[in-house]
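Reviewing the structure listed below.
The values are calculated or read from the model by the stated rules, or taken from the named source; none is laboratory data. Everything numeric here is computed off the predicted structure, so don't read it as measured data. Cβ sites come from the backbone with ideal geometry, for glycine too, and all protein chains shown count toward neighbours. These area figures cover heavy atoms from the full protein model, side chains too; ligands, DNA and RNA do not enter into them. Shrake-Rupley method; radii C 1.70, N 1.55, O 1.52, S 1.80 Å.
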Amino acid sequence: MFLPIFSLFLVCMSFSFIETRLKERDKIILYALIGVGMILIAGTRGIYDTPDSDNYEILYYGTVSWDDDFREPTFIIMSYFLKSLGLGINALFFAYAIMSIPLRLGIIWKMSKFPLITLGVYFSHYYQLHDLMQIRCAVASALFLFALYYRVEKKNLYTFLFLILGVLFHYSAAFGFLLFFLDNDRLSKWQLAILYSVIPIGLIVYFMGVDIFYLIPDNFGGDRLSTYRRLKEAGLEDEYASWAFYVNPVVITNILLYFVVLYFHKILTDKYKYTPIMLKIMCVAFACMLMLGNFSAVLASRLNEYFEIVAIFLWTATIYLFYPIFWGKITVNLISTLRCVACILIYTIGTINNH
């Protein structure tokens with residue numbers, strides 16, 4: 001399963017070194033072919049090839065009622081429709097991949113001057129995490145990136161519509177409405193102070209075991225939040241949450257990225273206009289991971305991964321810190337390779353442990 005993933009990643013990474021020399025038509029064709037490969041891998045995987053796929057099979061065949069507050073309406077509708085055609089679980093995998101991957105490729109093309117490098121960064125972790133595992137969140141996070149794009153363009157109606165669509169695919173996407181409280185202005189001194197301090201304060205809160213669970217009313221959040229509470233009370237969170245952040249190489253490298261981009265924010269803002277708002281979103285991602293970690297490790301990891309998707313663009317932006325830029329491409333691709341191998345090992349181990 002992971003051999004085709006790594007092979008396609010190597011193709012993407014190899015062409016990223018020469019993408020500025022490719023003709024526009026050739027780059028579009030290559031980009032589209034990589035996308036087709038990603039869809040085929042996601043759609044044809046077996047239920048025991050990646051963690052969580054077997055759970056989706058249970059949910060797929062277990063959808064028996066339209067009146068279901070736990071599952072998102074899009075999941076219920078697609079499950080009913082595909083089963084009515086006599087199709088199995090792989091039809092659902094294909095359906096989500098056909099939505100999420102073209103959306104992701106489209107927004108990467110819009111927001112990155114080096115789309116193949118950005119796609120390589122995405123491939124190294126988020127493709128495996130979202131498109132092969134958390135398929136509902138895959139669509140929701142792609143829609144969040146479109147909402148972010150239109151927020152920066154000051155087209156708030158489009159931002160609102162994309163966020164609403166995201167909620168229909170994953171309820172946690174409702175937290176994406178925090179976008180309306182963020183702007184893309186250059187960072188002020190007080191904003192920098194907050195951005196620098198969130199992770200240290202969050203680490204103190206996390207390791208002191210501060211649990212905001214007791215501050216939240218029992219009837220808040222409906223069935224979904226109640227489910228997170230029941231998982232915690234039953235001691236089942238470890239089966240559903242991602243690896244703890246302090247042993248997860250992807251999270252650790254993203255924290256390092258965050259502080260590097262913060263330190264060089266002036267240079268990077270001049271080179272990549274989305275830098276300020278993406279730093280603020282990364283700050284929200286880490287706040288969710290650390291502040292909610294003792295309340296619900298599952299909710300904390302889901303929200304962190306939902307917001308942290310902007311890291312694929314910030315990793316790409318760091319190539320501007322090198323001269324010539326070619327050395328930046330080598331550095332980012334090397335880090336992406338290490339992250340890709342780490343994720344393959346993590347999710348392989350996760351699959352073996354679950355089965």
- Message: Run the paramagnetic zone check for LEU334: 7 angstrom along Cα to Cβ, then residues of the range 250-271 with backbone nitrogen under 11 Å.
- Response: none
- Mean residue ellipticity at 222 nm from the helices of the chain, using -39,500 (n - 2.57) per DSSP H segment of n ≥ 4 over the full residue count, to the nearest 500 deg cm²/dmol? -22500 deg cm²/dmol
- Task: Multiply the residue separation of LEU256 and GLU153 by 0.36 nm, subtract the distance between their alpha-carbon atoms, and state the gained length in nm to one decimal.
- Result: 34.2 nm
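Assuming R0 = 22 Å, what is the FRET efficiency of LYS23 and LYS271, from their Cβ-Cβ distance, to the nearest 0.05?
Details: r = 25 Å, r/R0 = 1.11.
After rounding, the FRET efficiency stands at 0.35.
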- Task: Positive end of the charge dipole of the chain (Lys, Arg +1 and Asp, Glu -1 on Cβ, about the Cα centre): tell me which of LEU132, VAL205, ILE335 has its Cα farthest that way.
- Result: ILE335
- Task: Work out how much length TYR61 to ASP49 would gain on full extension: take 0.36 nm times their residue separation and subtract the Cα-Cα distance, in nm to one decimal.
- Result: 2.4 nm
- Note on the structure: Restricting to lysines and to Cα separations under 26 Å from LYS154, and discarding same-chain partners fewer than 8 apart, the set is LYS110, LYS113, LYS189, LYS266, LYS271, LYS273, LYS280
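Using the Cα centre as the reference, give the magnitude of the dipole from point charges on the C-beta atoms of the range 66-182 (Lys, Arg: +1; Asp, Glu: -1; all else neutral), rounded to the nearest 20 debye. Don't jump to the answer; show the numbers that get you there.
Details: 9 positive and 6 negative charges, 97 e Å.
I would put it at about 460 debye.
From the P(r) of the range 7-143, could you give the percentage of C-alpha pairs in the tail past 19 Å? Intermediate values should be presented prior to the final figure.
Working: 4802 of 9316 pairs.
Cα-Cα pairs of the range 7-143 separated by over 19 Å account for 52 percent.
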- Note on the structure: In debye to the nearest 20, the charge dipole size for the chain, taken about the Cα centre with +1 at each Lys and Arg Cβ and -1 at each Asp and Glu Cβ, equals 1460
- Of the heavy-atom accessible surface of the range 95-207 (probe 1.4 angstrom), what whole percent is carbon and sulfur? 71
- Message: Tell me which of ILE58, CYS12, SER100 sits at the most positive position along the dipole axis of the range 1-113, charges placed on C-beta atoms (Lys, Arg +1; Asp, Glu -1).
- Response: CYS12
- Excluding ligands, DNA and RNA, what is the solvent-accessible area per residue of the chain at a probe of 1.4 Å, expressed in Å²? 45
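Size of the dipole of the range 149-202 about the Cα centre, Lys and Arg at +1 and Asp and Glu at -1 on the beta carbon, nothing else charged, in debye to 20? Walk me through the numbers on the way to the answer.
Values: 5 positive and 3 negative charges, 19 e Å.
So the dipole magnitude of the range 149-202 works out to roughly 100 debye.
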- Query: What's the FRET efficiency of LEU30 with ALA342 using the Cβ-Cβ distance as r and R₀ = 30 Å, to the nearest 0.05?
  - Reply: 0.70
